[in-house]
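Novice: Quick one: the structure is below, and I'll ask about it shortly.
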Amino acid sequence: MTQPVDQELIDQQLVDQWRSHPAPLLGLLHAFHDRDGYVSETAMRAISGGLRQPLADLFGTVTFYHHFSREAGGLNKPRVCTGPVCSLNGGIECLAALAGKGAISMPCAGRCDEPVPVLIGHEQWVGNARGELTRKSTPLPPANPGKTEECVFSQIRQPGRNTLNGYRETGGYEGLTRAVKEMTPESVIEYIKASKLAGRGGAAFPTGQKWQAVADASGHPKSIVCNADEGEPGCFKDRAIMDYDPFAVIEGMTLAAFATGATRGFIYLRYEYPETNISLEKAIAEAYAANLLGKNIAGAGFNFDLYVRRGGGAYICGEEGSLLNSLEGKHPFPRNRPPFPVTHGFENLPTVVNNVETLAAVSQIMRHKPEWYVNLGLNGQAGTKVVSLSGDILRPGNYEVPFGLPLRTLIYEWAGGPLAGRNIQAVTMAGLSGGFLSHDDIESATVDEPSIRSKGSMLGAAGMIVYDDSRDMIHAAHEAMEFFAHESCGKCFPCRIGTQRLVERLNGDGPTDMKVWLNEVNDLSETMKSVSACGLGMAAPLVVESLIKHFPEQVAAHVEKR
Ligand SMILES: Cc1cc2nc3c(=O)[nH]c(=O)nc-3n(C[C@H](O)[C@H](O)[C@H](O)COP(=O)(O)O)c2cc1C
Ligand code: SF4
């Protein structure tokens, strides 16, 4: 006779396995989600007991994320992207066509160059308006059309680059070898400072200065966190880097550890990239086997352990404070700053948080000279930036451009310009967070922060969504604001309510007198910008501000026609 299964005991064992790992909650939630196809009530109770987290708090945290299903079979329900780019390209229709299979919508899934992404369990598909699905891997960045020298993408198209052998044969680990053999941690930091590398996740904070602050801070163990959350609509560059050049990110993190004295690292990877998770884990295992991670790395006497933690689906977890709370198993609200993560990061200890592209650039810079990187830029701007281009454009994709390149050259010459018979009406900056630039702005702007800021916007992580003259810009702004309203974490009132009110104004609710409408919208925007606690609430008003600035006739028609 078979013994009855003691499910409680089995669940307890799973919790015990994870309890000794750093940042256990996300790992545990995924372990149960994968095993059972959902996070059951009994799983929640086991986690709550094992991690000593009150069940009510745990419930609040788990349900904050979009993707942890609480219903049996939920993991394998198709998740269809209905984000701002996919909704232009059949996302809504694809969702309707798959309704019979229990499809649910998901906010932007980070594959805007090839809409419509559909996630089924751990598999990534591309769907169309008829609901037909094709399995496709991440597109490789197109061959560099401008023939300008690249940094991050310089080796990415080499076959086998995502294996350790292939990586080493194409210059990989040359930087780390040089650092540990010929340099001190201090001189590595000076090197990165001299390269003028600044963060590529959006805020453009100087990387060398951030590393210096962590090296100088007291408290151990220190951590290196790679921000691979990439939730901003229109951004899909980090995914390409991790899929085709994972060792560049791992080497960059190891260099950061050597420079700052950190001994543990985490790649915080967005839920929507399950196949990237598998390739990252494979690359990390290869690096451990070659003594490029772990104890006494490359015989140089320093230790660094690296873990991947998958998120649960929440745009706000890309904000570094929210990310750190999420890693720690707390409710992922942004943190008040100061103190900053460099002194009070993961578990309140000194932590570098860097974007995927920043870390991949570090590996290349360390193979060359700082001046090499500085000189890649044009017109006094240092270095390069990967731009993700999507929407109504002939050749969408990721392009690595020298800072200072005319925006027109990128859009019209490199990416082929608008679709046949169309003109470009607007392009978003920083994904959605920079709002819209007009057709005229494209003619005069260059791809760098000062130029884009002079247009009232920001470059940020450099996602750009193109809208041609067939698009209703009120609708485009409405989609953008709905995204922000959906993703506002709700911690602070002006953002939580303000984004909703702005959605309503773009919906058609509210005053029909233009002056009153404008006063109200401006008032909401100013309040959000001045008192929101994080970048989401501060940036969202740019969408309506730029809409009013560039498309006053469309706004007037929208308000007054009612
Ligand atoms: C709402 C919001 C979302 C963000 N999302 C991301 C993200 O997905 N990836 C990222 O690297 N940085 C993101 N950031 C910026 C991070 O807070 C942080 O500045 C960055 O990870 C630091 O790395 P870097 O210096 O290499 O850019 C976001 C910021 C805000 C306010
Ligand atoms: S600004 Fe918005 S997203 Fe940021 S903390 Fe406040 S409510 Fe949350």
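Novice: Considering the chain, which cysteines have no disulfide-compatible partner, defined as another cysteine with its Cβ under 4.7 Å away?
Specialist: CYS94, CYS108, CYS112, CYS151, CYS226, CYS235, CYS317, CYS489, CYS492, CYS495, CYS534
Novice: Under 5 Å between amide H atoms, partner at least 5 residues away or on a different chain: which partners does GLU400 have, H built in plane at 1.01 Å?
Specialist: VAL387
Novice: For the residues PHE247, PHE64, what sequence is obtained by ranking on other C-beta atoms within 10 Å, fewest first?
Specialist: Ranking PHE247, PHE64 by Cβ neighbours within 10 Å, fewest first, gives PHE64, PHE247.
Novice: Moving on. Please give the net charge around PRO159, taking every other residue with its beta carbon less than 13 angstrom from that of PRO159, where Lys and Arg add +1 and Asp and Glu add -1.
Specialist: 0
Novice: Is the shape of the range 1-66 best called rounded, prolate or oblate, per the rule: a/c under 1.5 gives rounded, else a/b larger than b/c gives prolate, else oblate, with a ≥ b ≥ c the square roots of the Cα gyration tensor eigenvalues?
Specialist: prolate
Novice: Can you tell me which lysines have their Cα less than 21 Å from the Cα of LYS210? Leave out same-chain residues fewer than eight positions away.
Specialist: Cα-Cα hits under 21 Å: LYS193, LYS196, LYS222, LYS369, LYS385.
Novice: Next question. Note down the net charge around SER438, summing +1 for each Lys or Arg and -1 for each Asp or Glu among other residues with Cβ under 14 Å from its Cβ.
Specialist: Within the 14 Å Cβ shell, the charges total -3.
Novice: Shifting gears a bit: In the range 373-495, what percentage of the DSSP-assigned beta bridges are antiparallel, given to the nearest 5?
Specialist: Roughly 75 percent of the DSSP beta bridges within the range 373-495 come out antiparallel.
Novice: Now for a separate question. Taking only the alpha carbons of the range 312-417, what extent do you get along each of the three principal axes, in Å, biggest first?
Specialist: If we take the Cα atoms of the range 312-417, the spans are 47, 37, 22 Å.
Novice: Quick check: from the Cα gyration tensor, does the range 236-362 come out rounded (a/c under 1.5), prolate or oblate?
Specialist: oblate
Novice: Give the Rg/Rh ratio for the range 205-266, taking Rg as the radius of gyration of the Cα atoms and Rh as the Kirkwood radius, to two decimals.
Specialist: We get a ratio of 1.02 for the range 205-266.
Novice: What is the range 147-242's relative contact order, in percent, from Cα pairs under 8 angstrom and six or more apart in sequence?
Specialist: Value for the range 147-242: 15 percent.
Novice: Net charge within 12 Å of SER546 by Cβ-Cβ distance, Lys/Arg positive one each and Asp/Glu negative one each, not counting SER546 itself?
Specialist: Around SER546, the charge tally is 0.
Novice: While we're here: Regarding the chain, what are the three Cα extents along the principal axes, ordered largest first, in Å?
Specialist: Computed over the Cα atoms, the extents are 68, 67, 45 Å.
Novice: When N is the residue count of the range 356-493, what does its C-alpha Rg come to as a fraction of 2.2 N^0.38 Å?
Specialist: For the range 356-493, the normalised Cα radius of gyration is 1.13.
Novice: For the range 410-562, rounded, prolate or oblate, judged on the Cα gyration tensor with a ≥ b ≥ c (square roots of eigenvalues), a/c < 1.5 rounded, else prolate if a/b > b/c?
Specialist: Verdict is oblate for the range 410-562.
Novice: In whole Hz and in residue order, list the ³J(HN,Hα) couplings for the range 296-302 that follow from phi through the Karplus curve 6.51 cos²θ - 1.76 cosθ + 1.60, θ = phi - 60°; x for Gly and Pro.
Specialist: Rounded to whole hertz, the list is 6, 4, 6, x, 9, x, 10.
Novice: Can you compute 3J(HN,Hα) from phi for each residue in the range 389-402, using the Karplus curve 6.51 cos²θ - 1.76 cosθ + 1.60 with θ = phi - 60°, rounded to whole Hz and x for Gly and Pro?
Specialist: Each residue's phi maps through the Karplus curve to give 10, 8, x, 7, 9, 4, 10, x, x, 9, 10, 8, 10, x Hz.
Novice: Still on this structure, I have one more. Ratio of Rg to Rh for the range 104-192, alpha carbon only, Kirkwood?
Specialist: Result: Rg/Rh = 1.14.
Novice: What's the longest bit of the chain with no exposed GluC sites (Glu not before Pro), using DSSP loop states and at most 14 other Cβ atoms within 10 Å as the test?
Specialist: The longest such stretch corresponds to 150-562.
Novice: Over the chain, what relative contact order in percent results from Cα pairs under 8 Å that are six or more residues apart?
Specialist: 13
Novice: Taking the beta-carbon count within 10 Å as an exposure proxy, list SER470, SER20, SER451, SER388 from fewest neighbours to most.
Specialist: Ranked by crowding around the Cβ, least crowded first: SER20, SER470, SER451, SER388.
Novice: As a test, work out the antiparallel percent of DSSP beta bridges whose residues both lie in the chain, rounded to the nearest 5.
Specialist: Around 50 percent antiparallel, to the nearest 5.
No lab work stands behind these numbers, since they all come straight from the coordinates. These numbers were taken from a predicted model, which means no experiment stands behind them. Counting neighbours? That spans all protein chains shown, and the Cβs are built from the backbone with ideal geometry, glycine included.
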